[in-house]
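Scroll down for the structure; my scribbles are underneath it.
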Amino acid sequence: MSAPKYINKLQGKKVIVIGGSAGIGYCAAEASLESGSHVYIASSSSTRVDKAVAQLQADAAGTEAVKGSIQGREIDLTSDESVEQFIAWVSGDTVAGKDKGVDHIIFTAGDALQLGDLMETDFEDARKAFDVRFWGALRVIQIAHPEMKDRGRLGSITITSNGRTELPAYLLVYRGPWHTAQQRAG
Ligand SMILES: NC(=O)c1ccc[n+]([C@@H]2O[C@H](COP(=O)([O-])OP(=O)(O)OC[C@H]3O[C@@H](n4cnc5c(N)ncnc54)[C@H](OP(=O)(O)O)[C@@H]3O)[C@@H](O)[C@H]2O)c1
């Protein structure tokens, strides 16, 4: 019989979730924590990050299997300095005897889209719509990559993004669990 492929795969790994204060990122942080990872969430609001961390800690405390950890900080995705500070903080953290570096990055940060009809959209508004969702993701990847490579072990980068401002009605059905988590995180 072969060993399980996925169980405990995230145990002891450092997982960054940019956009982890709500929605998909919050759920990814919760799942990573439950898998025994050391999780670091970030968003544009320290208040929302602190609230999400407190909720995740409270839920984890009532879950027997959880052996990971959860922390968080505010981040400015339009600033090299802010992203560098966040990555350096995670990379240098030796929580629970963990060595330096970053194992996995999940990027779900998405600010409110202001885009309407293409021909009526102001050019500057359209350009700004990429600041967090596209350039922010690229900035995080470029800055974090040196912390991830050449370390002789596997890592991953996962991005969820979107360029539409409306969901078709049938997709709203699948948003149920995410909204539940969002409401709990505030
Ligand atoms: N949910 C869906 O059905 C779905 C489907 C397809 C694609 N997507 C895309 O997947 C991504 C995540 O979706 P979601 O539903 O999880 O969104 P969400 O619930 O609105 O969560 C977005 C996260 O991004 C953070 N954020 C917003 N602006 C930020 C900024 N300037 N800097 C850093 N963090 C920021 C938010 O925290 P703060 O407000 O505290 O900053 C929050 O943690 C989005 O790009 C979305 O468009 C979602």
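Yes or no: A129 closer than 16 Å to A42 by Cα and of a type in the set (G, A, S)?
Criteria not met by A129.
Pairs only if they're at least six apart or on different chains, beta carbon under 9 angstrom, first in region 77-88 and closer than 16 Å to E147 by Cα and in contact (Cβ under 8 Å) with a residue 12 or more places away in the chain, second within 14 Å of the ligand (Cβ to nearest atom) and in a helix (DSSP H, G or I); list them, first residue then second.
Listed by first residue and then by second, the contacts come to D80/R139; V83/G136; V83/R139; V83/V140; F86/V140; I87/V140.
Okay, residues lined up against (1) surrounded by fewer than 22 Cβ atoms within 10 Å (Cβ to Cβ); (2) near the ligand (Cβ under 9 Å from one of its atoms):
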residue: S79; (1), (2): yes, no
residue: S82; (1), (2): yes, no
residue: V90; (1), (2): no, no
residue: K100; (1), (2): yes, no
residue: D111; (1), (2): yes, yes
residue: L118; (1), (2): yes, no
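Would you please name the residue that is nearest to the chain's Cα centre (by Cα), looking only at residues in region 16-37 that are away from the ligand (no atom under 15 Å from the Cβ) and closer than 17 Å to L154 by Cα?
Only one residue fits best here, namely S37.
For D50, are the conditions met, namely being modelled with pLDDT under 95 and more than 6 Å from the ligand (Cβ to nearest atom)?
Answer is no for this residue.
Those residues that are among the small types (G, A, S), touching a helix residue (DSSP H, G or I) at 6+ places or on another chain (Cβ under 6 Å) and modelled with pLDDT of 60 or more, I need them from region 132-186; list them, please.
A144, G155, S161
Could you tell me whether V95 is closer than 19 Å to A144 by Cα, more than 9 Å from the ligand (Cβ to nearest atom) and among the hydrophobic types (A, V, I, L, M, F, W, C)?
Here the answer is yes, as V95 does meet what is asked.
Of A129, A144, which residue is surrounded by 13 or more Cβ atoms within 10 Å (Cβ to Cβ) and without any contact (Cβ under 8 Å) to a residue 40 or more places away in the chain?
Only one candidate passes the filter, namely A129.
Return only the number of the condition from (1) surrounded by 15 or more Cβ atoms within 10 Å (Cβ to Cβ); (2) more than 18 Å from A29 (Cα to Cα) that F107 does not satisfy.
Looking at each condition in turn, F107 falls short on (2).
Does at least one position in region 3-15 carry a residue that is β-branched (V, I, T), away from the ligand (no atom under 16 Å from the Cβ) and touching a helix residue (DSSP H, G or I) at 6+ places or on another chain (Cβ under 6 Å)?
Checking region 3-15: not a single residue is β-branched (V, I, T), away from the ligand (no atom under 16 Å from the Cβ) and touching a helix residue (DSSP H, G or I) at 6+ places or on another chain (Cβ under 6 Å).
Filter region 21-55 for residues that are closer than 15 Å to E74 by Cα and either of a type in the set (K, R) or without any contact (Cβ under 8 Å) to a residue 12 or more places away in the chain (or both) and give the result.
T47, R48, K51, A54 - these are the residues of region 21-55 that are closer than 15 Å to E74 by Cα and either of a type in the set (K, R) or without any contact (Cβ under 8 Å) to a residue 12 or more places away in the chain (or both).
The values are calculated or read from the model by the stated rules, or taken from the named source; none is laboratory data. These numbers were taken from a predicted model, which means no experiment stands behind them. No Cβ is skipped: glycine too gets one built from the backbone with ideal geometry, and neighbour counts run over all protein chains shown.
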